[in-house]
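The values are calculated or read from the model by the stated rules, or taken from the named source; none is laboratory data. It should be emphasised that the depicted structure is a prediction, and the values quoted were computed from it without experimental measurement. Neighbour counts are summed over all protein chains in view; Cβ atoms, including those assigned to glycine, are modelled from backbone coordinates with ideal geometry. Only protein heavy atoms, including side chains, enter the accessible area calculation; ligands, DNA and RNA are left aside. Shrake-Rupley method; radii C 1.70, N 1.55, O 1.52, S 1.80 Å.
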Amino acid sequence: MDNYIDRLRRYRKLRPEEYRALLVCDNPETVRELHEAAREQTLSVFGNRIYIRGLIEFSNICRNDCLYCGIRRSNRRIGRYTLSRDEILECCRKGYAAGFRTFVLQGGELPDQSDMLIEDICSAIHSEFPDCAITLSVGERREESYRRFFEAGATRYLLRHETRNPDHYASLHPASMSLEHRLHCLEVLKDIGYQTGTGIMTGSPYQTYDNIVEDILFIGDFRPEMIGLGPFIPHKDTPFRKYRTGRIDNLPADIIGLTLKLISIFRLMLPEALIPATTALATAGSNGRESGILAGANVVMPNLSPPGVRGSYSLYDNKASTGEESAEGLPDLEASLGRIGYEIAVDRGDHPSWRR
Ligand code: SAH
């Protein structure tokens, strides 16, 4: 197994069955070596600097009905909201003053008519904060819209593929959605020139180790600039409310441990990738954020949304949006990172290959 870690570090690639062996390996010594190799890799590319991204959850309106997600269309138990352009700009001002130089606008899959609003918001942010990067995460949209957002100043886009296996995809989504279309969107985003992020939930319902190997191979081929990974956490108002969590291949599994292993594997495969220690990881695991960083992550995304709407952006139960997961908690986050030997980076933190 040490040999696998060494080969992954050197050649950035393993055979499918070797990835699988790493995923199921429960030897603490091997796991420690995997994280250590990944951490060294991160340090050699990025130093001990962690990028911060201000996450603005600007709308929870969604036309999709993903079975795992709390803001799915069929959930009638949450109040729907969309922040106005001014409210969003106000979040950015607050964020800018706190030191953020990247704003991530995330939302449900709004109707197509909202594309003008999204474009307008990107233009407004870009003109008021020309030194900041704008990241969008608003799902599958028309190619024309992706282009317009890019022209308006958005340069990064997060769209997790969720799973590379079509049957698994179909078990997580309604028949109206297809993996093929999601993958098509990712290709379009990349062609337009976005720094593109993709990723998966670990421990999502019906997931198998073989599925995760397919995800690893896909990410190795697609080479996204950003990779988002977080544990699946049930939401009480979704069809998966009673799903037995903590299982892969229908057997008990350490989902947090698996998320951390994947962070390390992706770091070794794609040394320059921007990999966040996600809110889901921080919500599900004690010290999830710090463990993520020590496993090779180099980004955190504190919540910059107005506190009044945070509760309505409930992708899963008990989602953290205060303390160190919030912009207000930045000094605490800085102190926590300091305790494990890291500091907050104040620049935009583009992917090293990015030229615009
Ligand atoms: N609508 C946009 C972005 C919002 S959802 C989109 O589809 O891309 C952002 C991410 O949250 C999703 O990609 C999914 O991987 C994650 N997510 C949704 N529900 C979740 C849950 N119950 N547990 C953990 N992560 C979840």
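Tabulated data for the structure shown
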| read-out | value |
| --- | --- |
| Peptides 110-122, 148-160 ordered by average Cβ neighbours within 10 Å, highest first | 148-160, 110-122 |
| Förster radius 41 Å - calculated FRET efficiency between VAL346 and SER145, Cβ distance, rounded to 0.05 | 0.85 |
| Per-pair calculated FRET efficiency, R0 = 25 Å: ALA98 and ASP120 via Cβ, rounded to 0.05 | 0.55 |
| Accessible-area composition of the stretch 2-345, carbon plus sulfur, in percent [1.4 Å probe] | 49 percent |
| The chain - mean residue ellipticity at 222 nm from DSSP helices (-39,500 (n - 2.57) per run, n ≥ 4, rounded to 500) | -13000 deg cm²/dmol |
| Point-charge dipole on Cβ atoms (K/R +1, D/E -1) for the chain, about Cα centre, debye to 20 | 360 debye |
| Peptides 227-235, 337-345 ordered by average Cβ neighbours within 10 Å, highest first | 227-235, 337-345 |
| Rough spin-label spacing in nm, given labels placed 7 Å along Cα→Cβ, for GLU18 and LYS236 | 4.7 nm |
| Relative contact order for the stretch 224-339, counting Cα pairs under 8 Å that sit 6 or more residues apart, in percent | 26 percent |
| ³J(HN,Hα), Karplus 6.51/-1.76/1.60, whole Hz, each residue of the stretch 213-220, x for Gly, Pro | 4, 4, 5, 4, 5, 4, 5, x |
| The stretch 48-187 shape via C-alpha gyration tensor axes, a/c threshold 1.5 | prolate |
| Relative contact order %, the chain, counting alpha carbon pairs below 8 Å whose residues are six or more apart | 24 percent |
| Sorted peptide list for 16-22, 137-143, 280-286, criterion being average Cβ within 10 angstrom, highest first | 280-286, 137-143, 16-22 |
| Accessible area of the chain divided out per residue, in Å², using a probe of 1.4 angstrom | 40 Å² |
| Estimated FRET transfer efficiency when R0 is 35 angstrom, pair LEU43-GLU87 (beta carbons, to 0.05) | 0.35 |
| Label-to-label distance, nm, for residues given as TYR11 and ALA335 (7 Å Cα→Cβ offset) | 4.8 nm |
| Mean Cα-pair separation over length for the stretch 83-210, i.e. relative contact order, pairs under 8 Å, 6 or more apart, % | 23 percent |
| Label-point separation, ASP210 to GLU187 (7 Å along Cα→Cβ), nm | 2.5 nm |
